Amino acid sequence: MKFRRTRTLHRFLDDGTPVRLRPLEADDLDQAAQFFAGMSEQSRYMRFMAPMPRLTPSALDMVERTLWESRSFILVALAEIEGEQRIIGGVRIVPTDRDAVCEFSVIVLDRWQGKGLGTLLLHEVEKHAMRLGFHDLEGIILAVNTKMLAAAQHNRYKLAHHPDDPTVVMAHRHLYAPALRSPYRRGRRPG
Ligand SMILES: CC(C)(COP(=O)(O)OP(=O)(O)OC[C@H]1O[C@@H](n2cnc3c(N)ncnc32)[C@H](O)[C@@H]1OP(=O)(O)O)[C@@H](O)C(=O)NCCC(=O)NCCS
């Protein structure tokens, strides 16, 4: 196992809701299908860039592999729902064919969107990416995904149209550039 039962970070969303952030663990995989089922069709489409009515075995495999691959990482956010800590969002980084560059994808359950969680996840995963030796983080975002584009822009990602595909936008952030506005200020204090 790549990570021991790890340090859990305690943060707050913009509306004051407490959330926990920690790496995905093998025990969480059972929750993956439930998490997926809780997402709207549109959010699935935005994340996978294709219709995805159910979590395919290969998508689940991809999640599971991240647990063991040394330079891949998934950070999940949990909140208390009906007395239990449940996953409400997550961010994944995977290496690219360039040694110092990794690619991110982030997802937040619909009813938890717009509260700063996507931003918190992005900022936390940037620190993990640096620990894993990456210098740059990239993401491929559908050009119609205004929420993700806005979140990326607010977090100082540079956006550029893909040279060959007008339907997607490339987001890029050099990890050693200082953040414009600390998300920790945003995430630590209930409003
Ligand atoms: C894209 C996604 C991850 C964003 O998550 P989120 O928790 O809603 O993100 P945030 O709340 O941090 O940011 C989104 C909003 O806050 C704003 N925001 C983010 N950081 C901000 C900051 N520092 N200051 C001010 N506003 C900020 C954004 O402009 C955006 O505003 P909007 O809701 O009015 O459009 C979420 O919508 C999602 O899961 N979508 C479906 C899957 C997807 O598209 N994934 C991206 C694939 S790469």
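No value in this document is a laboratory result; all are computed from the given coordinates. All values reported here derive from a predicted model rather than from experimental measurement. Quick reminder, even Gly has a Cβ in these numbers, built from the backbone with ideal geometry, and neighbours come from all protein chains shown.
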Rounded if a/c under 1.5, otherwise prolate or oblate - the range 9-188, Cα gyration tensor axes: rounded
Residues in the range 133-173 that a label on Asp99 would reach, taking backbone N under 14 Å of a point 7 Å out along Cα→Cβ: 133-136
Cα gyration tensor shape of the range 1-69, rounded if a/c is under 1.5, else prolate or oblate by comparing a/b with b/c: oblate
The chain, relative contact order [Cα under 8 Å, separation at least 6], %: 21 percent
Net charge of neighbours whose Cβ lies under 14 Å from the Cβ of Glu41, counting Lys and Arg as +1 and Asp and Glu as -1: +2
GNM top mover of Arg20, Arg47, Arg131 - the chain, alpha-carbon springs below 10 Å: Arg131
For the chain, share of DSSP beta bridges that run antiparallel, in % to the nearest 5: 90 percent
Selected from Gly133, Gly16, Gly83 as most flexible by GNM, with the chain as the system and alpha-carbon contacts under 10 Å: Gly83
GluC sites (Glu not before Pro) within the range 29-99, DSSP loop, no more than 13 other Cβ atoms inside 10 Å: Glu69, Glu82
Estimated 222 nm signal from helices in the chain, with DSSP H stretches of n ≥ 4 weighted -39500 (n - 2.57), rounded to 500: -9000 deg cm²/dmol
Proximal aspartates and glutamates to Lys158, defined as alpha-carbon separation beneath 17 angstrom and excluding residues fewer than eight positions away on the same chain: Glu103, Glu126, Asp136, Glu138
